[in-house]
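What follows is one structure encoded as structure tokens, with my remarks underneath.
The values are calculated or read from the model by the stated rules, or taken from the named source; none is laboratory data. Everything numeric here is computed off the predicted structure, so don't read it as measured data. With ideal geometry, Cβ positions are generated from the backbone for all residues, glycine too; neighbour counts draw on all protein chains shown.
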Amino acid sequence: MSESSLPPSVAIIGAGPAGLTAAFELSKHSITGSVFEADSLVGGISRTEEHDGYRFDMGGHRFFSKSDEINALWDEIMFEPMIVRPRLSRIYYGDKFYDYPLKATNALKNMGLFTAMQCMASYAAAMAKPIPEPSNLEEWVINHFGRKLYSMFFKSYTEKVWGISCKEIGADWAAQRIKGLNLAEAIRSSIFGQAKGKVVKTLIDEFRYPRLGPGQLWEACAERVVTGGWALTRDARVTRLMTSNGRVTGVEAVSKGGEHYRVDCSNVLSSMPLRELISCIDSAPEVVKTAASKLAYRDFITVVLVLDAEKLFPDNWMYIHSPEVKLGRIQNFKNWSPALAPDSSKTSLGLEYFCNEGDDTWNSEDSKLIELGYSELKKIGLAGGELVKGYVVRVRKAYPVYDKGYAERIGVVRGYLESIEGLQCIGRNGQHRYNNMDHSMMTALIAARNIATDQRRDCWSVNEDAEYHEK
């Protein structure tokens, strides 16, 4: 075989849902290469951590997609069928628990008639005189839900998650994440159910889930990828993307142990954060480096508490909107899958704290975070058992931030990256987009098929074409 007829060589940066999906798809076309993952676990934020037999999901990942292709792909990857779980989630606000999605009777009971009437009047006012061309999240939500509901439910939680004012978050974030849902739709669904043929992802009432957590699927995918001929190197961070004459020529990486790797290749699929990717390209213009350096991310910490209680509450997860506690969200892991807790007489909860790497919360000692979590859990009345043990997991760059000016910065970075032949950006951090897992996988499928079948589809168009997103 002559050199010109050899299949294209490929390097994939990141072994999360996007990176592994791309490798899996390429292996079907008899194309292999190298995958570099900076962590010891695959799956990215969709990985499953394990300590003392307790497994926990980083953020809660429902396996539900309107894409038949993605649903079929999950089944193809798994070595065993997923389980089907009922969905139950609530909002804690003002010492009360609100069903989420909204149920009219529950909301009325908690709010009281006067507050409910205020909410409806506020919504009617927003519908009668919407804010023209909303420029930030606050204005977008007020247009769709009214100012009263915005102040009760959206403002405190959103600012807790992002650490900035809702006025500093772009309206396009809201349009992406809660597209297809407004107050009228929520009320109609709570009374009459979903409209025939219409699915708002935020409102589904059951979902599939790997028995041992989402990491079970991605470890299975990694195994299949390696069996298919790929080299998967964990604990190895890519430090350089090599280019020549406007196209990629290879990547360099270094392991935590100091071992250096170099792969010559004609195609690179990158799911690493855009800010880090640009720093790996020596020839990137200063204007691009400056734009990339200003891209912001939000990190979070999961404080896992094992409590001496067989059952605490029926929710899979719960949003904590009350501003008097730092806690943002609670995952009840046994209610995702009973297999996540090895001792059925105990309950393991994941308490999520949103923060920035290097701030006081991030730098707190694990023991202090466990103490904080348990005290806040008791404060909102959900402890229900003595603390047995706790664990802390820090997650870097979990959420790309849609702050003011981010779209312009992305435009500069994207324009430059798209000028480099053989380079495609995939996944959440690879595109600096708050993708769901299935959207990240679809970007990877498109990128892989661009290589394997010489297509020219735009990976970045997945979000623009998607029919749903969820908060």
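Can you name the residue in segment 66-109 that is part of a helix (DSSP H, G or I) and under 24 Å from PHE153 (Cα atoms) and, of all such residues, is modelled with the highest pLDDT? Give the steps one after another, and end with the answer.
Going residue by residue through segment 66-109, those that are part of a helix (DSSP H, G or I) are 68-77, 104-109.
Add one more test, that the residue is under 24 Å from PHE153 (Cα atoms), and what stays is 104-109.
Numbers: ALA104: 71, THR105: 78, ASN106: 82, ALA107: 79, LEU108: 79, LYS109: 86.
Here the residue is LYS109.
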>> Against the condition free of Cβ contacts under 8 Å to residues at least 24 places away in the same chain and over 19 Å from the mean Cα position of the chain (by Cα), how does MET78 come out, does it pass?
In response: no
> Taking GLY43 and the conditions (1) surrounded by 22 or more Cβ atoms within 10 Å (Cβ to Cβ); (2) under 27 Å from LEU349 (Cα atoms); (3) touching a Ser or Thr at 6+ places or on another chain (Cβ under 8 Å); (4) of a type outside the set (A, V, I, L, M), which numbered condition does it fall short on, given that it satisfies the others?
Replying inline: (3)
>> Considering only residues that are touching a helix residue (DSSP H, G or I) at 6+ places or on another chain (Cβ under 9 Å), part of a loop (DSSP other than H, G, I, E, B) and of a type in the set (A, V, I, L, M), which ones fall in segment 10-50?
In response: ALA15, ILE31, LEU41, VAL42
> All but one of (1) crowded, with 20+ Cβ neighbours inside 10 Å; (2) more than 30 Å from SER348 (Cβ to Cβ) hold for MET437; which doesn't?
Replying inline: (2)
>> Anything in segment 95-117 that is under 31 Å from the mean Cα position of the chain (by Cα) and exposed (fewer than 14 other Cβ atoms within 10 Å of the Cβ)? List them, or say none.
In response: ASP95
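Does any residue of segment 227-242 turn out to be in a helix (DSSP H, G or I), within 28 Å of LEU340 (Cα to Cα) and assigned by TED's automatic domain parsing to the domain that holds LEU445? Write out each step before concluding.
Restricting attention to segment 227-242, the residues satisfying the condition of being in a helix (DSSP H, G or I) are 227.
Now drop any that are not within 28 Å of LEU340 (Cα to Cα), which leaves 227.
Now narrow it down to the ones that are assigned by TED's automatic domain parsing to the domain that holds LEU445: 227.
Among the residues of segment 227-242, at least one is in a helix (DSSP H, G or I), within 28 Å of LEU340 (Cα to Cα) and assigned by TED's automatic domain parsing to the domain that holds LEU445, which makes the answer yes.
Restricting attention to segment 371-387, and to residues there that are aliphatic (A, V, I, L, M) and more than 30 Å from ARG275 (Cβ to Cβ), which single residue is surrounded by the most Cβ atoms within 10 Å (Cβ to Cβ)? Quick ask: steps written out before the conclusion?
The first filter runs over segment 371-387 and keeps only residues aliphatic (A, V, I, L, M), leaving 372, 377, 380, 382-383, 387.
This time we only want the ones that are more than 30 Å from ARG275 (Cβ to Cβ), so: 377, 380, 382-383, 387.
Details: LEU377: 24, ILE380: 17, LEU382: 21, ALA383: 19, LEU387: 16.
Filtering segment 371-387 for residues that are aliphatic (A, V, I, L, M) and more than 30 Å from ARG275 (Cβ to Cβ), the one surrounded by the most Cβ atoms within 10 Å (Cβ to Cβ) comes out as LEU377.
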> Can you name the number of the only condition in (1) in contact (Cβ under 8 Å) with a residue 40 or more places away in the chain; (2) closer than 30 Å to THR158 by Cβ; (3) surrounded by fewer than 19 Cβ atoms within 10 Å (Cβ to Cβ) that GLY246 fails?
Replying inline: (2)
>> Out of the residues in segment 297-351 meeting the condition of being charged (D, E, K, R) and under 24 Å from TYR150 (Cβ atoms), tell me which one is surrounded by the fewest Cβ atoms within 10 Å (Cβ to Cβ).
In response: GLU324
> Can you name the residue in segment 123-147 that is among the polar types (S, T, N, Q) and either outside any helix (DSSP H, G or I) or surrounded by fewer than 20 Cβ atoms within 10 Å (Cβ to Cβ) (or both) and is also nearest to the chain's Cα centre (by Cα) among such residues?
Replying inline: ASN136
> Which of the residues belonging to segment 277-296 are surrounded by fewer than 19 Cβ atoms within 10 Å (Cβ to Cβ) and either charged (D, E, K, R) or closer than 11 Å to ARG237 by Cα (or both)?
Replying inline: ASP282, GLU286, LYS289, LYS294
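Suppose the filter is surrounded by fewer than 20 Cβ atoms within 10 Å (Cβ to Cβ) and touching a Ser or Thr at 6+ places or on another chain (Cβ under 9 Å); does GLY390 pass it? Break it down stepwise before answering.
On the way: surrounded by fewer than 20 Cβ atoms within 10 Å (Cβ to Cβ): no; touching a Ser or Thr at 6+ places or on another chain (Cβ under 9 Å): yes.
For GLY390, the condition - surrounded by fewer than 20 Cβ atoms within 10 Å (Cβ to Cβ) and touching a Ser or Thr at 6+ places or on another chain (Cβ under 9 Å) - is not met.
Is there a residue being crowded, with 19+ Cβ neighbours inside 10 Å and either assigned to a loop (DSSP other than H, G, I, E, B) or modelled with pLDDT of 90 or more (or both) anywhere in segment 188-204?
First, the residues of segment 188-204 that are crowded, with 19+ Cβ neighbours inside 10 Å: 189, 200-203.
Adding the requirement that they be either assigned to a loop (DSSP other than H, G, I, E, B) or modelled with pLDDT of 90 or more (or both) leaves 200.
The answer is yes, given that some residue of segment 188-204 is crowded, with 19+ Cβ neighbours inside 10 Å and either assigned to a loop (DSSP other than H, G, I, E, B) or modelled with pLDDT of 90 or more (or both).
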> If we scan segment 407-424, do we find a residue that is exposed (fewer than 15 other Cβ atoms within 10 Å of the Cβ), modelled with pLDDT under 95 and on the phi > 0 side of the Ramachandran plot?
Replying inline: no
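Would you check which residues across segment 392-445 are of a type in the set (Gly, Ala, Ser), more than 12 Å from the chain's Cα centre (by Cα) and within 24 Å of ILE70 (Cα to Cα) and list them?
Within segment 392-445, the first condition is being of a type in the set (Gly, Ala, Ser), and the residues that meet it are 398, 405, 407, 411, 415, 419, 422, 427, 430, 440, 444.
Checking which are more than 12 Å from the chain's Cα centre (by Cα) leaves us with 405, 407, 411, 415, 419, 422, 430, 444.
Those that are of a type in the set (Gly, Ala, Ser), more than 12 Å from the chain's Cα centre (by Cα) and within 24 Å of ILE70 (Cα to Cα): GLY430, ALA444.
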